[in-house]
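Peer 1: Sending over a structure as structure tokens; questions will come in a sec.
The values are calculated or read from the model by the stated rules, or taken from the named source; none is laboratory data. What you see is a predicted model, and the numbers here were worked out from it, not measured in a lab. Please note: Cβ atoms are built from the backbone with ideal geometry, for glycine as well, and neighbour counts cover all protein chains shown.
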Amino acid sequence: MKILLVRPKPQNLFAKLKTVRFEPLELEYLAAVANELNFNYRIYDGLLERQPFSSFLKDNQPDVVAITGYTIHVNLIKEYAEIVKEYGTNIKVVVGGIHAELNWRDFYDFNIDIIIHANPLQAFRDVLLNLQNQGCWQPVKNICFKKDNEWIKNQGESLVPNTLPLPDRTHLHLYKDKFRYFGKEQCALVKTAWGCPYSCNFCYCACLNGGEYSTRDITKVVREISDLEQEKIFIIDDDFLVDKNRLLEFCRLISVYNIKKDFSIYGRADLICAHQDILSKLKASGISEIIVGLEAVDDETLNNYNKKTSTHSNLQAIELLRKNGIKSCGLFIVNEDYGLEDFKRLSAIVKKMALDLCMFSIFTPLKGVPGYEKYQERLIIPENKYENNDFLHLNIKPTKLSVTRFYLEFYKLYLLAYSDVRRLRSNIRPIIKSILNLIIGGIR
């Protein structure tokens, strides 16, 4: 059986910056499953591939096409599925990913055969075996399938991290010079946990994996890291700082294996404060940067986001990182209630915090996340215009500014934040040019 694994072309405006390009880890996990079953596979990486999808499809003539993506890719995934069926009606189209996990009905499409809505690797394994054996779909968990032109959703189950195979990194090795995270060239991804134990209402992470937070054995994680040739590693857990004892064991094993790597991780501000006594150990183990969801600069907004942090802990966390020689990347959200004074205050506080890096996004109601329904009547774009769910577009009408003025103020945040040449270094011209393109693209 020949399998084509597909990452759609980028729909996010920031992808044009080319300063952040990650390996398709989700496809590399699926590739590992294909290897276990002795099936041949190819990867179509829309982030890198110049050959049109239709041409790549014809060249490889797969029996199964598996497509994964985010909310912004929904319409593109359907387009790819249509291309597949136009080429060969007998080719099976399997769709999965985060959006499919929470909103499987959005893929109830004539050109799609199977939707994976839970426990993706086990489901993918079961789907391939069932296709090989021409079996019945009723017993196969974690999928949606069609019977007599009606969609049926089978029972789902949570993923068990310690049962997962290691990803097949062949694609990473072939294109290692293409993957980077800002200044960190040849960057590899590692995932050690699924789900999130917190419940911020702007985020879908706590809804994934059936609402369960589960982790891999940290010894297995460190062994995987040890085998990677890349020196730059991005641990992409929603929060790597959840368990202090697990962090200490991570530091111990990094020392035992004599691993010399450069790690970037995500971490909450309150956990940075709670674990301040081990920050020096984290630094010594190679953690050079922590990406912190600061989100807002006032406690009322943080409470509205159900963030369960405070502006005090935000400021304290950044100072603790600075004292321990760990770089900080602050993430902020601007919402539809922002006025001119709110933008000015955010810009001033960001400048005062002296973050090493900062990113801004626009509050976007996410379908499938609790509370989404209260925003539906306020949407200013069609619900099925999924490509606008990139956190760079207004999906809700601003209450204090015109849409155009809101966008100008939003992108001005980036211009002001990166007016410091120390941060930009030699990238100043392409970044400024890209931000101007983002302004034009966002307003459109």
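Peer 1: Consider only pairs whose beta carbons are under 7 Å apart and that are at least six residues apart or on different chains; among these, list those whose first residue lies in segment 45-56 and is among the acidic types (Asp, Glu) and whose second residue is buried (at least 17 other Cβ atoms within 10 Å of the Cβ).
Peer 2: Listed pairs, sorted by first residue: 45/7; 45/24; 45/171; 49/56.
Peer 1: Given the options 191, 146, name the one that is charged (D, E, K, R), touching a residue at least 24 places away in the same chain (Cβ under 8 Å) and in the same structural domain as residue 49 (by TED's automatic domain parsing).
Peer 2: Sole residue among the options that is charged (D, E, K, R), touching a residue at least 24 places away in the same chain (Cβ under 8 Å) and in the same structural domain as residue 49 (by TED's automatic domain parsing): 146.
Peer 1: Could you tell me which residue of segment 393-406 is nearest to the chain's Cα centre (by Cα), considering only residues that are buried (at least 20 other Cβ atoms within 10 Å of the Cβ) and either small (Gly, Ala, Ser) or closer than 22 Å to residue 70 by Cβ (or both)?
Peer 2: 393
Peer 1: Ok, one more. Could you tell me whether segment 147-154 includes any residue that is among the aromatic types (Phe, Trp, Tyr) and surrounded by fewer than 19 Cβ atoms within 10 Å (Cβ to Cβ)?
Peer 2: yes
Peer 1: When you go through (1) under 17 Å from residue 167 (Cβ atoms); (2) buried (at least 18 other Cβ atoms within 10 Å of the Cβ) one by one for residue 22, which number turns out not to apply?
Peer 2: So the condition that residue 22 fails would be (2).
Peer 1: Spot the failing condition for residue 244; the list is (1) in contact with a Lys or Arg (Cβ under 6 Å, 6 or more places away or on another chain); (2) surrounded by fewer than 18 Cβ atoms within 10 Å (Cβ to Cβ); (3) closer than 29 Å to residue 309 by Cβ, and only one is missed.
Peer 2: (1)
Peer 1: Here's a follow-up. Let me confirm something: among 172, 166, 208, which residue is surrounded by fewer than 18 Cβ atoms within 10 Å (Cβ to Cβ), of a type in the set (A, V, I, L, M) and outside the structural domain of residue 46 (by TED's automatic domain parsing)?
Peer 2: Values: 172 fails: surrounded by fewer than 18 Cβ atoms within 10 Å (Cβ to Cβ); 208 fails: surrounded by fewer than 18 Cβ atoms within 10 Å (Cβ to Cβ).
After applying the criteria, what remains is 166.
Peer 1: For segment 336-380, name all the residues that are modelled with pLDDT of 95 or more, among the basic types (Lys, Arg) and in contact with a helix residue (DSSP H, G or I) (Cβ under 8 Å, 6 or more places away or on another chain).
Peer 2: If the condition is that a residue be modelled with pLDDT of 95 or more, among the basic types (Lys, Arg) and in contact with a helix residue (DSSP H, G or I) (Cβ under 8 Å, 6 or more places away or on another chain), then no residue fits.
Peer 1: Go through (1) closer than 13 Å to residue 363 by Cβ; (2) loosely packed, with under 15 Cβ neighbours inside 10 Å and name the single condition residue 344 misses.
Peer 2: (1)
Peer 1: Inspect segment 395-402 for any residue being in a loop (DSSP other than H, G, I, E, B), touching a strand residue (DSSP E or B) at 6+ places or on another chain (Cβ under 9 Å), at pLDDT 90 or above and not aromatic (Phe, Trp, Tyr) and give the result as yes or no. So that I can check it myself, show each step before the final result.
Peer 2: Applying the first criterion (in a loop (DSSP other than H, G, I, E, B)) to segment 395-402 yields 395, 397-402.
Filter once more, keeping what is touching a strand residue (DSSP E or B) at 6+ places or on another chain (Cβ under 9 Å): 395, 397.
Filter once more, so that each one left must be at pLDDT 90 or above: 395, 397.
Now narrow it down to the ones that are not aromatic (Phe, Trp, Tyr): 395, 397.
Within segment 395-402 (the criterion being in a loop (DSSP other than H, G, I, E, B), touching a strand residue (DSSP E or B) at 6+ places or on another chain (Cβ under 9 Å), at pLDDT 90 or above and not aromatic (Phe, Trp, Tyr)), the answer is yes, since at least one residue qualifies.
Peer 1: Within segment 253-283, count every residue that is of a type in the set (A, V, I, L, M, F, W, C) and either closer than 21 Å to residue 357 by Cα or at pLDDT below 95 (or both).
Peer 2: 8
Peer 1: Still on this structure, I have one more. Working carefully through the options 330, 368, find the one that is surrounded by 14 or more Cβ atoms within 10 Å (Cβ to Cβ), within 22 Å of the chain's Cα centre (by Cα), touching a residue at least 60 places away in the same chain (Cβ under 8 Å) and not assigned by TED's automatic domain parsing to the domain that holds residue 106.
Peer 2: 368
Peer 1: Right, here's the next one. Here is a list of conditions, (1) closer than 24 Å to residue 247 by Cα; (2) crowded, with 17+ Cβ neighbours inside 10 Å, and residue 295 meets all of them except one; can you say which number that is?
Peer 2: (1)
Peer 1: Could you grab the pairs with beta carbons closer than 6 Å, sequence gap of 6+ or different chains, first residue in segment 68-92 and over 24 Å from residue 203 (Cα atoms), second one of a type in the set (Gly, Ala, Ser)?
Peer 2: As it stands, the answer is 83/54, since those pairs meet every condition given.
Peer 1: Does residue 223 fit the bill of being at pLDDT 95 or above and buried (at least 19 other Cβ atoms within 10 Å of the Cβ)? Explain how you work it out, then say what you get.
Peer 2: Working: at pLDDT 95 or above: yes; buried (at least 19 other Cβ atoms within 10 Å of the Cβ): no.
When the stated conditions are applied, residue 223 does not pass them.
Peer 1: Of the conditions (1) buried (at least 16 other Cβ atoms within 10 Å of the Cβ); (2) under 24 Å from residue 176 (Cβ atoms), residue 62 clears all except one; give me its number.
Peer 2: (2)
Peer 1: Any residue at all in segment 305-314 that is in contact (Cβ under 8 Å) with a residue 60 or more places away in the chain, farther than 24 Å from residue 223 by Cα and of a type outside the set (Lys, Arg)?
Peer 2: Yes; the residues of segment 305-314 include at least one that is in contact (Cβ under 8 Å) with a residue 60 or more places away in the chain, farther than 24 Å from residue 223 by Cα and of a type outside the set (Lys, Arg).
Peer 1: Show the residue pairs meeting these rules: Cβ distance below 8 Å; 6+ apart or different chains; first residue within segment 280-293 and closer than 13 Å to residue 261 by Cβ; second residue basic (Lys, Arg).
Peer 2: Hits for this filter: 286/260; 286/261; 288/327; 289/327.
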